[in-house]
1. Would you mind computing the Rg to Rh ratio of the stretch 106-211 from its alpha-carbon coordinates, Kirkwood style for Rh?
2. Accessible area, 1.4 Å probe, largest first: how do E124, E77 sort?
3. In terms of solvent-accessible area of protein heavy atoms at a 1.4 angstrom probe, what is the ranking of L29, L79, L119, L190, highest value first?
4. Once you keep just the Cα pairs under 8 angstrom separated by 6 or more residues, what percentage relative contact order results for the stretch 63-211?
5. Any chance you could tell me what percent of the C-alpha pair distances in the stretch 1-53 go past 14 Å?
6. Taking a probe of 1.4 angstrom, what is the accessible area of F129 in Å², to the nearest 10?
7. By average Cβ neighbour count within 10 Å, what is the ranking of 191-200, 102-111 from highest down?
8. Starting from 0.36 nm per residue, how many nanometres of slack lie between A189 and E58 once their C-alpha separation is accounted for?
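The values are calculated or read from the model by the stated rules, or taken from the named source; none is laboratory data. Quantities reported herein were computed from a predicted structural model and do not represent experimental measurements. Here the Cβ positions follow ideal geometry from the backbone for every residue, glycine too, while neighbour counts run over all protein chains shown. We work out accessible area using only protein heavy atoms, side chains counted, and drop any ligands, DNA or RNA first. Shrake-Rupley method; radii C 1.70, N 1.55, O 1.52, S 1.80 Å.
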Amino acid sequence: VVTLATFGYGAVERQLAAPGSTPFDVAQLKWVGSLSKVNRILAMRKGLNGTTLAALRELGRQPVAGTTGALTASTIEVLLLNAMTDLRMKVVVGMAEAQRQAMIVAGDVDLRTGGPLELIPRFEAGEMFPVLKFTKEGYPAALDAVPAIAEVVRADTPREIVSLMESLDRFGGGMIAAAPATDAADLEALRRAFAAVVADSAFLRDAAKNR
């Protein structure tokens, strides 16, 4: 019997931010593959005298980032960005999604992170602007000019942290892993089978229809 689990990048970030907060050690799992990219974006609201990171740096105060739970990706991402850049965002934790968006529209919250599916309609409506991508590749062409994390981090930022965030952005959607005790031959068979499935044209067509 082979035990498999599928989950998102949040479990990795939670373990990084609060060791022992997850029921398993993600570093001990045997990775099989990933079903999708994540492509996270830091976005700012309109009305801040600009549409780029420069506007945030020139606010004259800490920009306010609204997040959900204390150990959710939205909070951990902002804390990591604070540690890596000069943005100095003030983190307001504990918002429901509808509350967060309402406070952005009202001007009480300046920033949030999210994915293209949820944020691009906000960009198209002129309510928000993309100011930072987590990696350069995989995003819609409309975001080509938006800088990536690696371009704006401080010089003293450990490369391992940048690499982790980039890797989670590329492979953090629908990650599949086997139990730590999985036999090596079984694991190799799982990886071959997974690679064959995600390379299959019929599977890719069906996956695109269901997005």
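1. 1.06
2. Working: E124 150, E77 0 Å².
Accessible-area ranking of E124, E77, largest first: E124, E77.
3. Numbers: L29 25, L79 90, L119 0, L190 45 Å².
Most to least solvent-accessible, the answer reads L79, L190, L29, L119.
4. Details: 122 pairs, mean separation 26.5, N = 149.
For the stretch 63-211, the relative contact order is 18 percent.
5. Values: 918 of 1378 pairs.
Of all Cα-Cα pairs in the stretch 1-53, 67 percent lie more than 14 Å apart.
6. 50 Å²
7. Working: 191-200: 12.4, 102-111: 17.6.
In descending order of packing, they fall as 102-111, 191-200.
8. Numbers: separation 131, 0.36 × 131 = 47.16 nm, distance 5.38 nm.
Residue separation times 0.36 nm, minus the Cα-Cα distance, leaves 41.8 nm.
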